[in-house]
Amino acid sequence: MKKFTDLRRALIASITVILAAAMTFHSVAEALPADFTVDSIISLGELSVTAIKYGDGFKNKAIASTTIGKREIERYRIYSFKDASAMIPNFYIPDYGSRMTSSIYMRGQGTRIDQPVVGMNIDNVPIMTKENYDLDLLDIERIEVLRGPQSALFGRNTMAGVINVTTLSPFNYQGSRALLSYSSGNSFRIGVSTYHLINDRLGLSVAGGYSSSDGFFTNNYTGSKLDHEKIGEGRAKLQWNAREDLRIDNVLSFSISRQGGYPYESASRGEISYNDTCFYRRTNISDGLTMELSRDNYKMTSITSYQYLDDNMTLDQDFLPVPYFTLTQKRKEHVLTHDLTFQSPDGNDKAYSWLAGFFGFYKRTLMDAPVTFKEMGIDSLILKHRNLYNPDYPIVWNSPQFVLNSNFKTHNFGLALYHQSTYKLDRWTFTAALRLDFEYNRLDYVSWCNTGYDIINAADGSIYRHDDVNINDPGSRTKTFLQLLPKVSISYKFDTPQPISVFVSAAKGYKAGGFNTQMFSDVLQQRLMNYMGFGSSYKVEDIIAYKPENNWTVEAGAHAECFGGRIRTDLSAFYIHATDQQLTMFPDGNTTGRIMTNAGRSRSYGVEAAIRANPTDRLSISISYGFTDARFIDFDNGRENYSGNFIPYAPKNTIFAAANYTLPVNSTWLGSITFDAHARAVGEIYWNETNDEKQPMYCLPGASVTLSGRHYSLELWGENLSNTDYRTFYFVSIGNAFFQRGKPVTVGATLRLNI
């Protein structure tokens, strides 16, 4: 009942955001001249956050970017952003663990937990929690990926780039669509959507989908599949051209995900086998309201959003077929954001243009994260060490298991002011941007444990003493961060028949700091051991917080078109210097948690190239390549010096190549046949700071044949057709190494209907 109450509150909050913003803009509309009329209605295009801040198109902008259009999205079955991994130079999203993981690596930057290095917007809603990144979306119209620091305009956690996802608009398509797909692993997907113009000014779309999969990896302990999954999603988009100079878009969406996940194979035993249940369950609701008011001397855009997350991650944390310990992490989160932008009006032909804005957010999170120690965990991690320390008086636990409880409440809010000025002088364009970003983070916590043990006299076997353990550690910590984030760029457009431009830029990026909630169970475990006269003395203030990560990126690039736009080329080269790089580490000793720490300094340099060619109207070829050399400059954790080593988890190379040919048929039931062949290659990837474990470069070929008619398309496809064996993840926990394999060969069929 409590869960339904929370969902109801989330829906009420979402509706409140809509009404509050609508009332504000209703007042604006009322203030317009009474005799103002609309002679004609112009079809609404998509209003995206990148277009708001960068204008339409990137081909002459001083930025490295990739846009994936609707045709490619459907051809390569991109339902979530991780399906585009390696299609974009130096852009890699490993598929491992569960949908909670959502790790992104760009240009040698990225982390496994906590704050991301790449920001994400879905229909203008800035996704403020990385655990919400891995969503399935029906009818994606466009994906834009901006590489390099975007912190000056987009703020926190965009130091490596920004992903902007836009779904289909009822003003761009009218009618109904259906999707039906079946593939290996007994994987099934269905989607239905409808797009209508209620009148010339108002458009409405409703979309819903469901997918399920039995999975590919078996737990040998239970004999059942681990990575099974069921997902339901829905979206309602309302777009209103209220007046000629006022437009309003609102998108309400939800997603419900239930999955197994975590098919981690023991490196020593060569099998996946563990005894306790693993799963990840997530429910989220999002509402975003975008409003744009255009006047003669300025344009104002307001983006207001509300996001709700309710998830549960339950793990057999040792991933062994013995009763060690388990973790359950339950979380409820509410987020409010508002981005208000003023800028030069559209069609401004003056040499100088400007943009200024304000951004604010508030995030409130409640989380419970109990760790349950079971028989083997008690024996191996506690009793073994205690009884070696004092063998004359060994101890015996009073119960087969006990719980280390942790409860957290975080309040996080941020405020930012930003400005960008652009000046055009003949073929030169000079741009400077600056952002002042403030963030406040408060953590309230309480950790407790109630258990007991007997101390035995080894001489006669009698009970020497009984000790009760009653630990109750409440506390509170606050952190504030203040960042000044500049960016400058210069671009030059050549006087040629086809667009050719070059650019250089320098920008500062930053990733927010935070708190290591994952370590509280270890702090509590050591407190428990201290009761027995041994154990490490963790100071909460020493391990609880980690600092922001900062970097400076210097970049040069070029955009070019030739042969009437049939060949488009984007090139870039970059150098990144990072300080206080955030890394996920496992502390020394027999601990169960992970800790985010700050490395001293690191550097990354590389090149990127993307070529798209249409030699004929029937043939399309695309190739993208990214190379990154990312290493520690100065990283000595007091035990080992990793300076000069490669940064783990970030691939050195990403390659994507594709060719497709469309053969017209023009029969009554078949219009064309499209043949596609493509391949993704990634690697090498180092798995740890010592660089003694790595994944060599691997290649995943794929192909498809698509039959298209007037109202349908049927695609027969396959991925990893070589059945390449590769690893997507590797880690070590309590002295045991584990890894996850990538998915094997997968074949399927996808039917799309357009009515």
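See the values below:
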item: Leading residue by the ranking (nearest to ASN284 (Cα to Cα)) among those in the stretch 217-242 that are buried (at least 17 other Cβ atoms within 10 Å of the Cβ) and of a type in the set (Lys, Arg); result: ARG235
item: The listed residue being under 30 Å from ILE285 (Cβ atoms) and not charged (D, E, K, R), out of LEU355, LEU388, LEU327, LEU383; result: LEU327
item: Subset tally (residues that are under 21 Å from ASN124 (Cβ atoms), among the aromatic types (Phe, Trp, Tyr) and assigned to a strand (DSSP E or B)) for the stretch 278-319; result: 2
item: Unmet criterion (only one of (1) touching an Asp or Glu at 6+ places or on another chain (Cβ under 8 Å); (2) within 30 Å of LEU180 (Cα to Cα)) for ASN121; result: (1)
item: Residues being buried (at least 18 other Cβ atoms within 10 Å of the Cβ) and farther than 22 Å from GLU229 by Cβ - total across the stretch 267-299; result: 8
item: Any hit, the stretch 714-730, residues being assigned to a strand (DSSP E or B), touching an Asp or Glu at 6+ places or on another chain (Cβ under 9 Å) and under 30 Å from VAL192 (Cβ atoms); result: yes
item: Among the residues listed as ARG189, ARG258, the single one being buried (at least 21 other Cβ atoms within 10 Å of the Cβ) and charged (D, E, K, R); result: ARG189
item: Which numbered condition THR290 misses (of (1) touching a Gly at 6+ places or on another chain (Cβ under 9 Å); (2) β-branched (Val, Ile, Thr); (3) modelled with pLDDT of 95 or more); result: (1)
item: Residue in the stretch 388-397 that is closer than 30 Å to PRO486 by Cβ, among the acidic types (Asp, Glu) and out of contact with any Ser or Thr (no Cβ under 8 Å at 6 or more places or on another chain) present; result: no
item: Close pairs (6 angstrom Cβ cut-off, 6 or more residues apart or separate chains): under 30 Å from SER302 (Cα atoms) and touching a residue at least 24 places away in the same chain (Cβ under 8 Å) in the stretch 248-277, among the β-branched types (Val, Ile, Thr) and part of a strand (DSSP E or B) anywhere; result: ASP249/THR290; PHE254/ILE285; ILE256/THR283
item: Of all residues in the stretch 459-501 being touching a residue at least 60 places away in the same chain (Cβ under 8 Å) and of a type in the set (S, T, N, Q), the one that is surrounded by the most Cβ atoms within 10 Å (Cβ to Cβ); result: SER491
item: Residue in the stretch 647-670 that is surrounded by fewer than 16 Cβ atoms within 10 Å (Cβ to Cβ), basic (Lys, Arg) and at negative phi present; result: no
item: Criterion violated by CYS449 - all others in (1) surrounded by 15 or more Cβ atoms within 10 Å (Cβ to Cβ); (2) out of contact with any Ser or Thr (no Cβ under 7 Å at 6 or more places or on another chain); (3) free of Cβ contacts under 8 Å to residues at least 24 places away in the same chain satisfied; result: (3)
item: Tally of residues being surrounded by fewer than 24 Cβ atoms within 10 Å (Cβ to Cβ) and either more than 17 Å from PRO651 (Cα to Cα) or free of Cβ contacts under 8 Å to residues at least 40 places away in the same chain (or both) across the stretch 64-92; result: 16
item: Filter result for ALA679 (at pLDDT 95 or above and closer than 20 Å to PHE91 by Cα); result: yes
item: Odd one out for THR668 among (1) more than 32 Å from the chain's Cα centre (by Cα); (2) under 30 Å from GLU555 (Cα atoms); (3) of a type in the set (S, T, N, Q); result: (2)
item: Total residues in the stretch 48-94, condition at pLDDT below 75 and in contact with a strand residue (DSSP E or B) (Cβ under 6 Å, 6 or more places away or on another chain); result: 2
item: Long-range neighbours under 7 Å by Cβ, at least six apart or interchain, first residue over 17 Å from PHE58 (Cβ atoms) within the stretch 549-561, second surrounded by fewer than 24 Cβ atoms within 10 Å (Cβ to Cβ) and of a type in the set (Asp, Glu); result: GLU549/ASP580; ASN550/ASP580
item: Some residue of the stretch 509-532 being of a type in the set (Phe, Trp, Tyr), touching a Gly at 6+ places or on another chain (Cβ under 6 Å) and under 30 Å from ASP570 (Cβ atoms); result: no
item: Matching residues in the stretch 85-104 - criterion: being more than 10 Å from the chain's Cα centre (by Cα), of a type outside the set (D, E, K, R) and closer than 24 Å to CYS278 by Cβ; result: SER85, PRO94, TYR96, GLY97, SER98
item: Leading residue by the ranking (nearest to LYS70 (Cα to Cα)) among those in the stretch 171-186 that are surrounded by 18 or more Cβ atoms within 10 Å (Cβ to Cβ) and under 26 Å from the mean Cα position of the chain (by Cα); result: LEU179
item: Identity of the residue in the stretch 601-655, part of a strand (DSSP E or B) and β-branched (Val, Ile, Thr), that ends up nearest to ASP580 (Cα to Cα); result: ILE633
item: Answer residue from the stretch 318-354, given it is aliphatic (A, V, I, L, M) and modelled with pLDDT under 95 and is farthest from SER48 (Cα to Cα) among those; result: VAL322
item: Test: residue in the stretch 685-697 that is closer than 29 Å to GLY742 by Cα, in contact (Cβ under 8 Å) with a residue 60 or more places away in the chain and part of a strand (DSSP E or B); result: no
item: Residues of the stretch 380-396 that turn out to be basic (Lys, Arg) and in contact (Cβ under 8 Å) with a residue 60 or more places away in the chain, as a count; result: 1
item: Condition met for GLY377 (small (Gly, Ala, Ser), surrounded by 14 or more Cβ atoms within 10 Å (Cβ to Cβ), free of Cβ contacts under 8 Å to residues at least 60 places away in the same chain and closer than 22 Å to VAL523 by Cβ); result: yes
item: Residues (surrounded by fewer than 23 Cβ atoms within 10 Å (Cβ to Cβ) and either polar (S, T, N, Q) or farther than 17 Å from ILE256 by Cα (or both)) located in the stretch 305-315; result: ASN312, THR314
item: Where a residue in the stretch 109-131 is closer than 26 Å to GLU292 by Cα and its partner, wherever it lies, is modelled with pLDDT of 85 or more and surrounded by fewer than 20 Cβ atoms within 10 Å (Cβ to Cβ), with Cβ under 7 Å and at least six apart; result: MET128/LYS363
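Residue-by-condition table, conditions (1) over 39 Å from the mean Cα position of the chain (by Cα); (2) over 30 Å from VAL371 (Cβ atoms):
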site	(1), (2)
THR451	yes, no
ALA459	yes, yes
VAL469	yes, no
ASP473	no, no
SER476	no, no
PHE481	no, no
SER489	no, yes
THR496	yes, yes
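The values are calculated or read from the model by the stated rules, or taken from the named source; none is laboratory data. Keep in mind that what you see is a predicted model, and the values were worked out from it rather than measured. Reconstructed Cβ throughout: ideal geometry from the backbone, glycine too, with neighbour counts over all protein chains shown.
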